[in-house]
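Below you'll find the structure, written out as structure tokens, and then a few comments.
Each reported figure results from applying straightforward, stated rules to the coordinates on display, with no laboratory input. Just so it is clear, the structure is predicted and the values come from calculations on it, not from any experiment. Every residue, glycine among them, receives a Cβ derived from its backbone with ideal geometry; neighbour counts consider all protein chains shown.
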Amino acid sequence: MQYIYQGESSMNHQRIHRAVKLVSASTLMLGMLSWGVGLASSASATTATPGVTAKSVTIGATVPLSGIAAGYGEVSAAAAAVFSYVNSKGGINGRKINYLRKDDCYNINALGCTAGTGVTTLSQTQALVTQSHVFADVGSLGTAAQGTVLNYLNQNGVPNLFVNSGSSLWNQPKKYKGLFGFQPSYQAESKVFAYWIKKNEPLAVVGQIGQGDDFGANGLAGLLAAHLPIAKANQLTYDANVTSPTLAAGLIQDISTLKANKVNAVVLDSIPPVTQAILKIAYNLGYSPQWLISSVGADPISVATPLEVGAITLDYFPSTADTANSWNQWVTKVIKRFPAARADFPNYFTGANAGVLDANMLYGASYAVAFCEALKSLGKNVTRAGLLKAMTTVRFATPSQTPLRYSATKHQGLLGGSLAQIIANTNPASNPQYIKLLGNAEYTTGDTSTTPVITAAPIVSPIPGWLS
Amino acid sequence: MSTLLTSRIMTDVFGGITSGAVIALVALCLVIVWKSTNVLNFAQGAMGMFATFVGMNLVFHDTNYWLCLVLSVATGLVVGGLTERVLIRPLYGKPEINPIVVMVGFLGLLEALVPAIWASSFNTVPSPFSQVYFQSHGNTVLLSPFVLYQIALALGVMLVVALLFQYTTLGLKMRAAALAPEVSRLLGVRVNRLLTLGWMLSSGIGALAGVIVSTGHTLDATNLDGIFVSAFIAAAVGGLESPLGAVIGGLLIGLAQQFILNYWSANLAPLAGVIVLLISLAIKPQGIFTRTVTRRV
Amino acid sequence: MKWLTTLRDARPTTSRALGITLLTLLALLITFRLSALDDAKLASGAAIAIVVVGLSWLIGWSGQVSLGNSGFMAVGAYVTAIWANHHATTPIFVTLLLATGCGALSGLVLALPSTRLRGPYLAGMTLAFSFAVVPLALNFPSVTGASSGLTLNFLNAPSWFAGLFTGPQATVNANAQWSADVAIVVAAVAFFFMANLFHSRTGRAMRLIRDNDVAAELTGVNLPRTRTLAFVISAAYAGLGGSLLTLLNGSVTPQTYSIALSILLLTLMVLGGIGTLSGAVLGGLIYSYSDNLVSLVNKVTGVNPASTFGANLKGIVFGALLILTMLLAPRGLVGLGSQLVRLFAQLRNRT
């Protein structure tokens, strides 16, 4: 056998010599290069607080704008629209908000990802912190994705607000002082689903298909905390990182199992494209249980199949069909007038669903409004410590129909929502009503089996005067 | 009969054959290339998907499914031939790592090139046959017209290849060229041309595998990646030399996957290949279907 | 300069230690001038360089092909994360050693059935191994955290070090640079051992096997044992690199250690130069700065980085570079460099 670099075996010394020369040469070159880089970066002036100048506050988020979870892109796009709207009115206390959205592809660099090869949530977050010097990370998305950076942001003292995920990871105020969630925990959501099942289908055999990370695990934990008996064989997971044929092979098996075990109520903790795949495979297998779909994976426009009609979900915003709701009117106005790009809202400006608000937009608008409210309460003196204090003291007014409240010991965010049913999922001719709220009630609860589900009337917070 | 068809065992057998047939097909491609040129084609899956994209992407522009399929296979043939001529020919007689590295590079190149050319969408390639599974007294038989089509296509291609090698002069020449290139050359066989033909054939079949896997799913450049690894192991189980061994190895791995999926854990299905490989190595390290050959130095 | 040559011949180990120490000091000095982002890049580049040099040793010196090094990295990475979560006070060097040991052990387990295999079979076995890593991690969520993986604290700069920094970004800069410095020191130690290994008895035996295993056996080299040793060392380096990368990333997720990483390692090794230390260093730098290379290509060609073409440019450039390197300059950048040096020397001699 011959080798390519054969013939120099007797030249050990020369080889080392050459190696050393090469290493030193390359290090020197890199060094000289970096000298310039270092000088260049030290030239940019900053005040005492990163990201804050007399005229502006720079904040950022790592969110999926392409790839498997790109459908969530309009969440942060709606937030960006709110910030542009606020800036058009002179900003907050004279400072404009500069919102940087970095594409991290949900930390899954696969199909459709245009963030670039090798881009991760960590690398994008590092860029936000070390290059853009953001004041805070606001509205970043994804359970597994954000789980990889919470220590980084914490250790570097960067506030990490309104993480778009229902994981209970964000509710650890002792360990992570600067970390705040936004939506109800997946446990709480599952407990409300369990409440519905016990009330409406008390004899149902229950199963769950969850994403193979904390999203699915927390969802299951909530069902079990509500004392729903779920056989081990009916607790199933999927891996979001695999290709479509591989995903389908696993799902066919899972759904066949549920069908064979005569499960007639299935809770899905899945993202919209997977929800769609599950519903289609179940149809092909001739299986039609009562579906209960996490708010995260139920958006009818993203799921895009009429098979979803009849499914139960949780909604913590007013029904988007309620055109009389003042927040719905306000968000519609903001998105119509201040989109960074019309392409940010692929279904809003063109196509059969043009002009239809969806829950993603209300979500993004909600946390953007909340951030503005917190920032406004600080007055002229904007610091990170001040912001964290404001998070637990400000009484936020957002589109959400359950109150958004944080305290020194609770950083989760919303505590529940209303039960809703998907009633249409085809292109509506007029007055789109995708989701109908079931009854005029809000259900709130905590994560553990000891916190009961509490029923209350939904609230509509008045829009602050300076916003309208 | 009907209870047998819907039983758990038969469900697994159907599922296993469905995935095993494609693994076997790709394994067959690897064996054809290995036999003719002693190259391990790490880009087999990516080449197949590239060809699949050329054809099947037109489905989204209202082109007939069958026309797209033919176009994909035709592209596969061309890509295979070009690859052998441009990338592999300069490397004959070089250390075995060189073609491995080149094909790994080609794999990376193609898997980046495909999404660069065809902006990936989450559109599903429509199936020409119904994907609804047959039902028997309320129970599912894990077969649908679409699944039958997949299996029939894969097995049909294997049969054609077997006939080609066994009963045609071309097949005889190809076998001769692979076995004893120097003697064949002396006997007037145009060996170089046959080597190219081997690559074309393998790449064309690879394209067909890509079409089978992608129908009913989203088109993605990496659709064949997992299958390639399984196929590689299947080919190794058979000894890399034996087409029949590769096909049997592929079906075995498909079945093993399905049984692991059903009785153990869905997450562990990819381990099927490792397990089958370990067992076969324990039985016969040179591959189940090879004659022992003394290595010349 | 004559004393240098004398030292090199009389005390090769000392001179190697001296050389690497000097280079390390230089690299540490450089980190003081780098931005926090460059520090972070350099740190992960150092971790990758460790793995690449281990792979380079296996392929370049023992002639065995492995596509399983991402799997060994995963072993080191998970050991680190699991250990750090239970014993937060362990000094990182102990954690690194532990991960190295576990990497070596996993290498031994895989080597026992594999080293009897040759060429394609070995590649297949190691490929199967790295393919098994993600499923195994997913299947034991209580240990591995499934696809969320595990998180641990990032390397925080100690207070004496952090005290050197001022300004609003002091914490960020101090932490980033501390990580880079730790990574560089770890890499330097690993490279020192590898440099000695190259010139040890084992190293010579290895090369003999690579070039002609029958002849090697005739001269008394124990083939299976030497091959296994090469495999174990390579796995140990991968374990160390994976461990370091985990400490730098503050998390481990199974998808990081997919087959794609094995392929990337092979790419970096070939581009740098198979079987050389400097090739591995270059591989690490290419890993860190490939983004800059690609944005340069973007700038020159005017390709929009946000377009689908631009997003995939890195993969295209890397794939094409790998093919071209193998076809035109199979000894990588290092080989190209020494060819240039030789060319210059010839030209000088002629005049």
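Work out the mean other chain Cβ neighbour count within 10 Å for the residues of B:223-230 and drop it here as an integer.
Counting other chains' Cβ atoms within 10 Å and averaging over B:223-230 gives 5.
So, counting K/R as plus one and D/E as minus one, what does the shell of residues with Cβ under 15 Å around B:F228 add up to? Mind dumping the intermediate values first?
Numbers: positive: none; negative: B:E111, B:D220, B:D225.
So the environment of B:F228 carries a net charge of -3.
Can you classify chain C as rounded, prolate or oblate using the Cα gyration tensor, where a ≥ b ≥ c are the square roots of its eigenvalues, rounded means a/c under 1.5, and otherwise it's prolate if a/b beats b/c and oblate if not?
Note, shape of chain C comes out rounded.
Looking at the protein assembly as shown, which Cys residues are left with no other cysteine's beta carbon under 4.7 Å from theirs?
By the Cβ distance rule, which asks for a partner under 4.7 Å, the isolated cysteines are A:C372, B:C29, B:C68, C:C102.
Would you mind putting B:240-251, B:45-56 in packing order, based on average other-beta-carbon counts within 10 Å, highest first?
Result, highest mean Cβ count within 10 Å first: B:45-56, B:240-251.
Working out 0.36 nm times the residue gap between C:V109 and C:T166, then minus their Cα-Cα distance, what length gain in nm do you get to one decimal?
15.6 nm
List the lysines whose Cα sits under 30 Å from the Cα of A:K55, skipping any in the same chain fewer than 8 residues away.
A:K89, A:K96, A:K102, A:K177, A:K333, A:K336, A:K376, A:K380, A:K389
From the residues C:G335, C:F32, C:V75, which one has its Cα farthest along the dipole of segment C:10-350 in the positive direction, the dipole being from +1 and -1 charges on Cβ of Lys/Arg and Asp/Glu about the Cα centre?
With unit charges placed on the Cβ atoms, the residue in question is C:G335.
In deg cm²/dmol, rounded to 500, what helix-only [θ] at 222 nm does chain B give when every DSSP H run of at least 4 residues adds -39500 (n - 2.57) and the total is split over its residues? Intermediate results must be reported in sequence, preceding the final value.
Numbers: 12 runs with 199 residues, N = 297.
Value at 222 nm, helices only: -22500 deg cm²/dmol.
Hey, could you grab the Kirkwood Rh for the protein assembly as shown? Inverse mean 1/r over distinct alpha carbon pairs, Å, one decimal. Show your work: numbers first, answer last.
Details: mean 1/r = 0.0323 Å⁻¹.
In the protein assembly as shown this quantity evaluates to 30.9 Å.
Which of A:Y195, A:I435, A:N156 sits closest to the plus end of the dipole of chain A, meaning its Cα is farthest towards the positive end, when Lys and Arg get +1 and Asp and Glu get -1 on the C-beta?
A:N156
Can you pull the mean other chain C-beta count within 10 Å for peptide A:118-124? Walk me through the intermediate numbers first.
Values: counts 9, 3, 5, 2, 8, 6, 0.
Mean number of neighbouring Cβ atoms from other chains: 5.
Peptide C:262-273: average number of partner chain Cβ atoms within 10 Å per residue?
Across C:262-273, the average partner-chain Cβ count within 10 Å equals 3.
Considering only DSSP beta bridges whose two residues both sit in chain A, what percent are antiparallel, to the nearest 5?
Numbers: 15 of 45 bridges.
DSSP beta bridges in chain A are roughly 35 percent antiparallel.
Rounded if a/c is under 1.5, else prolate if a/b is larger than b/c, else oblate: which is segment C:1-109, with a ≥ b ≥ c the root eigenvalues of its Cα gyration tensor?
Values: a/c = 1.93, a/b = 1.32, b/c = 1.46.
It comes out oblate by the Cα gyration axes.
Within segment A:108-122, name every residue whose backbone N is under 18 Å away from a label modeled 7 Å from Cα of B:A119 along the Cβ vector.
Within reach of a label on B:A119: A:110-117.
Treating cross-link reach as a plain straight distance, find the lysines whose alpha-carbon is under 16 Å from the alpha-carbon of A:K259, omitting any fewer than eight places away in the same chain.
A:K232, A:K280
Can you figure out the FRET efficiency of C:F193 with C:F32, using R₀ = 25 Å and their beta-carbon distance, to the nearest 0.05?
Once rounded, the FRET efficiency stands at 0.40.
At most 13 other Cβ atoms within 10 Å and a DSSP loop assignment: could you name the trypsin sites (Lys or Arg not before Pro) in segment B:150-252 that fit?
Numbers: sites: B:K173, B:R175, B:R185, B:R190, B:R193; in loops: B:R190.
Sparse-neighbourhood loop trypsin sites (Lys or Arg not before Pro): B:R190.
Could you sort B:60-67, C:45-52 so that the peptide with the highest average Cβ count within 10 Å comes first and the rest follow in order?
C:45-52, B:60-67
If packing is taken as the average number of other Cβ atoms within 10 Å across a peptide's residues, how do C:322-331, A:159-168 rank, most packed first?
A:159-168, C:322-331
For chain A, just say rounded, prolate or oblate: build the C-alpha gyration tensor, square-root its eigenvalues into a ≥ b ≥ c, call rounded for a/c under 1.5, and beyond that prolate if a/b exceeds b/c, oblate if not.
oblate
Taking 8 Å as the Cα distance limit and 6 or more residues as the minimum spacing, I'd like the relative contact order of segment C:10-350 as a percentage.
About 33 percent, as a whole number.
How high is the relative contact order of segment B:2-283, in percent, with contacts defined as C-alpha pairs under 8 Å that are six or more residues apart?
Result for segment B:2-283 is 36 percent.
Please give the FRET efficiency for A:R395 paired with A:K174, using the beta carbon to beta carbon distance and R0 = 25 Å, rounded to the nearest 0.05. Walk me through the numbers before you get to the answer.
Numbers: r = 24 Å, r/R0 = 0.94.
Plugging the Cβ-Cβ distance into 1/(1 + (r/R0)^6) gives 0.60.
If you place +1 on the Cβ of every Lys and Arg, -1 on the Cβ of every Asp and Glu, and leave all else neutral, what size is the dipole of segment B:2-283 about its Cα centre, to the nearest 20 Debye?
Value, rounded to 20: 720 debye.
Output the antiparallel fraction of DSSP beta bridges having both residues in the protein assembly as shown, as a percent to the nearest 5.
Here the share of antiparallel DSSP bridges comes out near 40 percent.
Give the value in nm², to one decimal: projected area of the alpha carbon convex hull of segment A:314-445, averaged over all directions.
Averaging across all directions leaves 9.5 nm² for the Cα convex hull.
With charges set only on the Cβ (+1 for Lys and Arg, -1 for Asp and Glu), what does the dipole of the protein assembly as shown come to about its Cα centre, in debye to the nearest 20?
Taking the Cα centre of the protein assembly as shown as origin, the dipole is about 2680 debye.
In nm, to one decimal, how far is the C:V185 label point from the A:A424 one, both placed 7 Å along Cα→Cβ?
Computed distance between label sites C:V185 and A:A424 equals 6.7 nm.
Pick from B:A235, B:A154, B:A282 the residue whose mean-square fluctuation is largest in a GNM of chain B, springs joining Cα atoms under 10 Å.
Largest GNM mean-square fluctuation: B:A282.
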